[in-house]
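**Student:** This is the structure I have questions about; it appears just below.
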Protein chains: 2
Amino acid sequence: MIQTPYLLFLGDAPDGLAAKVAQGIKDWRPENAVGQFRMEGCKADLGLTDMTLTEAKAAGAKTLVIGVANRGGVISAAWKKVLVAALEEGFDLASGLHNLLCDEPDLAAVAEACGRQLHDVRVPSVEYPIANGVKRTGKRCLAVGTDCSVGKMYTALAMDAEMRERGMKSTFRPTGQTGILITGDGVPLDAVVADFMAGSIEWLTPDNDPDHWDMIEGQGSLFHVSYSGVTMALVHGGQPDALILCHEPTREHMRGLSGYQLPSLERLRDLALVLAQVANSDCKVVGISVNTQHMAEDRALDYLAEVETRMGLPATDPYRFGAGKLVDAFAAV
Amino acid sequence: MIQTPYLLFLGDAPDGLAAKVAQGIKDWRPENAVGQFRMEGCKADLGLTDMTLTEAKAAGAKTLVIGVANRGGVISAAWKKVLVAALEEGFDLASGLHNLLCDEPDLAAVAEACGRQLHDVRVPSVEYPIANGVKRTGKRCLAVGTDCSVGKMYTALAMDAEMRERGMKSTFRPTGQTGILITGDGVPLDAVVADFMAGSIEWLTPDNDPDHWDMIEGQGSLFHVSYSGVTMALVHGGQPDALILCHEPTREHMRGLSGYQLPSLERLRDLALVLAQVANSDCKVVGISVNTQHMAEDRALDYLAEVETRMGLPATDPYRFGAGKLVDAFAAV
């Protein structure tokens, strides 16, 4: 297990979205986030205290968590200076990057010399089976997005928290590095070998009590050409009973794909439902989660009301206005 | 490069479909297939001469190719006896199984002692990029199936052969072990890490002459819950201009999934086209390829005529009746 609490490393993040790993830890396990470490040029800010390694150590931090994701996951030379210093200062390192800490000879050597641990949470630790498609007991919910990074994980976490507060049976099932860093286990789906993707999700969401909900963390988007295959494996491996549509209304194009427009919620609904019903003919779209972080409150509430009317489904921003409305919708499933 | 010609190892294949790797080599590079090696209980038969290792060696075979695929790809103890004997007899080994030859300590030791090569064509040899979705020049065709193993690779190979015979510019682009064993290169897509699947297909099918066709080997099925994510990556990474629908009319359920029915050709058409147009809005469904191997000729021809009328698209069995009709349909793209 990774030793807590953490110092969250934001590196030279080009924007706040790039630091979504750190943001997720701060939002869902604030007690684990002692402070943030930012390098020159860092455009992300979690609102935590900026700390040097020495200050964080004195404040009790045990692990430096790389809370920033780069496309392709490269550990730059500038980052490495900090990581080496952190090991020498007595921190363990934890990372969800493609480029593994343990594959960097200098980091591995310093870690060994200092007796520190390198945690690469992206590395699958299990030999996953090939999916068998057999129907499982218990209920499952999957959030699917019009784009990547529109709030799928937050939606699942917020609904999971709401359900547990109500005394309902719920488990958040992480499929990405942030979720795994938050809960301590899960499937690092984007690092799983193609043939075993759907099987890994079956493994993650086994038979359960009839009234238990697995809240599966979504990945990518069926409309994002770089990652749609990963999303498809979640839709078919997860056998969801309920889909939540996720959207960020101010996004001008698909993330990282300047030539691609976001689909409408209607297109997402129609496509996701057709695909999900291949694995579970009873699957329903039950609600809509809108990430309104870039909208003033009035505008956000107007937008949500318009979406509810247009789509005939409950719509909210579960992080801003609470997940109750979405959990209520489970009563119909 | 793998040394030819081959002795094709069929092991204890439970049926003919399980030996589709060997069948593909025999059908598309018959000059490379000296004979077949079958163990007790083998239910597959390519119609090649059954040979002992010694007989095959005398007939000039240089490499024993594992031509049989097991679910999950396990090298059994019974197989291993033969493989060790083959190395000792002077054969190289080539395999597309998940379970790698080079990961078996005994095979690796014997190969080294005998000075023989172990070729694992499933291992990706390239660091693939993340897909960028940028439109590429040249034309691309992808075969998509109502199920796995319905003839997608044969369709692409037959169309490629027909186009080259006509003097058209065409390249068969393998995405599986059989195709790679046939042509000597390609992307072992089902072994690619999830995040890089679509990027590997962009890499495989780069910019080309405007009148050049990449004939991309399909994998899995959008309707097969075990492998649909792999298929999705082909649809979005391949940016096809033309889709060919593939079907095997006598299949009673999805391969390996007894509870799952095959979709109709109409459902496949509608779903595949919606998905393909996310990456290439000009994509068209141009024809239908029916695997009629289990149908008498009269019945096959009746079925094809009925499908043509119903779907309003050219339909043929390209392996049995020629691929001309499908290549003709490219004139409209």
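The values are calculated or read from the model by the stated rules, or taken from the named source; none is laboratory data. Note that the structure is a prediction, hence the values are computed from the model and not measured. Every residue, glycine as well, gets a Cβ built from its backbone with ideal geometry; the counts of neighbours run over all protein chains shown.
**Student:** Do any residues in the stretch B:168-193 that are free of Cβ contacts under 8 Å to residues at least 12 places away in the same chain have Cβ atoms under 6 Å from those of residues that are crowded, with 24+ Cβ neighbours inside 10 Å, where the two are at least six apart or on different chains, and which pairs are they?
**Tutor:** These pairs meet every condition: B:183/B:174.
**Student:** When you check residue B:224 against the structure, is it more than 20 Å from residue B:173 (Cβ to Cβ) and crowded, with 22+ Cβ neighbours inside 10 Å, yes or no? If you could, list the steps in order and put the result at the bottom.
**Tutor:** Details: more than 20 Å from residue B:173 (Cβ to Cβ): yes; crowded, with 22+ Cβ neighbours inside 10 Å: yes.
Here the answer is yes, as residue B:224 does meet what is asked.
**Student:** Going by the conditions given, is residue A:111 in a strand (DSSP E or B) and buried (at least 19 other Cβ atoms within 10 Å of the Cβ)? I'd like the intermediate steps shown before the answer.
**Tutor:** Working: in a strand (DSSP E or B): no; buried (at least 19 other Cβ atoms within 10 Å of the Cβ): yes.
So residue A:111 fails the test.
**Student:** Take residue A:240 and tell me if it is surrounded by 17 or more Cβ atoms within 10 Å (Cβ to Cβ), touching a residue at least 60 places away in the same chain (Cβ under 8 Å), under 20 Å from residue B:229 (Cβ atoms) and more than 10 Å from chain B (Cβ to nearest Cβ). So that I can check it myself, show each step before the final result.
**Tutor:** Details: surrounded by 17 or more Cβ atoms within 10 Å (Cβ to Cβ): yes; touching a residue at least 60 places away in the same chain (Cβ under 8 Å): yes; under 20 Å from residue B:229 (Cβ atoms): yes; more than 10 Å from chain B (Cβ to nearest Cβ): yes.
Yes: the conditions hold for residue A:240.
**Student:** Next up: Looking at residue A:211 and the list (1) under 26 Å from residue B:260 (Cβ atoms); (2) out of contact with any His (no Cβ under 8 Å at 6 or more places or on another chain), which single condition is not satisfied?
**Tutor:** Only one criterion is unmet by residue A:211, namely (1).
Each row is one residue, and each column tells you yes or no for (1) touching a strand residue (DSSP E or B) at 6+ places or on another chain (Cβ under 6 Å); (2) under 18 Å from residue A:163 (Cα atoms); (3) not hydrophobic (A, V, I, L, M, F, W, C).
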{"residue": "A:220", "(1), (2), (3)": "no, no, yes"}
{"residue": "A:224", "(1), (2), (3)": "no, no, yes"}
{"residue": "A:236", "(1), (2), (3)": "no, no, yes"}
{"residue": "A:264", "(1), (2), (3)": "no, no, yes"}
{"residue": "A:268", "(1), (2), (3)": "yes, no, no"}
{"residue": "A:291", "(1), (2), (3)": "no, no, yes"}
{"residue": "A:300", "(1), (2), (3)": "no, no, no"}
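**Student:** From (1) in a loop (DSSP other than H, G, I, E, B); (2) touching a Ser or Thr at 6+ places or on another chain (Cβ under 8 Å), pick out the condition that doesn't hold for residue B:304.
**Tutor:** Of (1) in a loop (DSSP other than H, G, I, E, B); (2) touching a Ser or Thr at 6+ places or on another chain (Cβ under 8 Å), only one is false for residue B:304: (1).
**Student:** Which of the residues belonging to the stretch B:43-82 are surrounded by 20 or more Cβ atoms within 10 Å (Cβ to Cβ), of a type in the set (A, V, I, L, M, F, W, C) and assigned to a loop (DSSP other than H, G, I, E, B)?
**Tutor:** Scanning the stretch B:43-82 gives B:44, B:46, B:61, B:68, B:69, B:75.
**Student:** Condition first: out of contact with any strand residue (DSSP E or B) (no Cβ under 8 Å at 6 or more places or on another chain), within 14 Å of chain B (Cβ to nearest Cβ) and polar (S, T, N, Q). Now tell me which residues in the stretch A:178-206 satisfy that.
**Tutor:** A:200
**Student:** Under 6 Å between Cβ atoms, at least 6 apart or on separate chains: pull out the pairs that start in the stretch A:259-285 with a residue that is within 11 Å of another protein chain (Cβ to nearest Cβ) and under 10 Å from residue A:235 (Cβ atoms) and end on any residue that is buried (at least 21 other Cβ atoms within 10 Å of the Cβ) and aromatic (Phe, Trp, Tyr).
**Tutor:** The qualifying pairs are A:278/B:223.
**Student:** Considering only residues that are touching a residue at least 24 places away in the same chain (Cβ under 8 Å) and within 20 Å of residue B:181 (Cα to Cα), look in the stretch B:93-104 and name the one that is nearest to the other protein chains (Cβ to nearest Cβ). Outline the logic, then answer.
**Tutor:** Residues of the stretch B:93-104 that are touching a residue at least 24 places away in the same chain (Cβ under 8 Å), as a first pass: B:93-99, B:101, B:104.
Checking the rest, the ones that are also within 20 Å of residue B:181 (Cα to Cα) come to B:93-99, B:101.
On the way: B:93: 22, B:94: 19, B:95: 15, B:96: 12, B:97: 11, B:98: 7, B:99: 11, B:101: 17 Å.
Only one residue tops the list, namely B:98.
**Student:** Something else: Does residue A:213 fit the bill of being hydrophobic (A, V, I, L, M, F, W, C), modelled with pLDDT of 95 or more, over 15 Å from the mean Cα position of the chain (by Cα) and farther than 16 Å from residue A:128 by Cβ?
**Tutor:** Working: hydrophobic (A, V, I, L, M, F, W, C): yes; modelled with pLDDT of 95 or more: yes; over 15 Å from the mean Cα position of the chain (by Cα): yes; farther than 16 Å from residue A:128 by Cβ: yes.
In short, yes.
**Student:** Among the residues of the stretch A:311-326, count how many are without any contact (Cβ under 8 Å) to a residue 40 or more places away in the chain and part of a helix (DSSP H, G or I).
**Tutor:** Number satisfying all stated conditions: 3.
**Student:** Further question: Within the stretch B:207-236, how many residues turn out to be at the interface with chain A (Cβ under 7 Å from one of its Cβ atoms) and not hydroxyl-bearing (Ser, Thr, Tyr)?
**Tutor:** Going through the stretch B:207-236 one residue at a time, the tally reaches 7.
**Student:** Residue B:5 fails exactly one of the following numbered conditions: (1) exposed (fewer than 15 other Cβ atoms within 10 Å of the Cβ); (2) under 22 Å from residue B:153 (Cα atoms). What is the number of that condition?
**Tutor:** Unmet condition: (1).
**Student:** Return the pair list, or none, for Cβ contacts closer than 6 Å from residues in the stretch B:40-51 that are free of Cβ contacts under 8 Å to residues at least 24 places away in the same chain to residues that are crowded, with 18+ Cβ neighbours inside 10 Å and assigned to a loop (DSSP other than H, G, I, E, B), at least 6 apart or on different chains.
**Tutor:** none
**Student:** Which of the residues that make up the stretch A:176-210 are polar (S, T, N, Q) and farther than 20 Å from residue A:133 by Cα? Talk me through it step by step, then tell me what you get.
**Tutor:** Initial filter on the stretch A:176-210 (polar (S, T, N, Q)): A:177-178, A:183, A:200, A:205, A:208.
Passing the criteria: A:177, A:178, A:183.
**Student:** Next question. Residue B:150 passes all but one of (1) crowded, with 24+ Cβ neighbours inside 10 Å; (2) within 14 Å of another protein chain (Cβ to nearest Cβ); which number fails?
**Tutor:** Answer for residue B:150: the failing condition is (2).
**Student:** Of these, B:107, B:46, B:53, B:118, which one is away from chain A (no Cβ under 14 Å), in contact with a helix residue (DSSP H, G or I) (Cβ under 6 Å, 6 or more places away or on another chain) and more than 25 Å from residue B:188 (Cα to Cα)? Steps first, answer last, please.
**Tutor:** Working: B:107 fails: more than 25 Å from residue B:188 (Cα to Cα); B:46 fails: more than 25 Å from residue B:188 (Cα to Cα); B:118 fails: more than 25 Å from residue B:188 (Cα to Cα).
The match here is B:53.
**Student:** Residue under question is residue B:135, and the condition is that it be surrounded by fewer than 17 Cβ atoms within 10 Å (Cβ to Cβ), at pLDDT 95 or above and within 14 Å of chain A (Cβ to nearest Cβ); does it hold? Steps first, answer last, please.
**Tutor:** Values: surrounded by fewer than 17 Cβ atoms within 10 Å (Cβ to Cβ): yes; at pLDDT 95 or above: yes; within 14 Å of chain A (Cβ to nearest Cβ): yes.
Taking the combined requirement at face value, the residue satisfies it.
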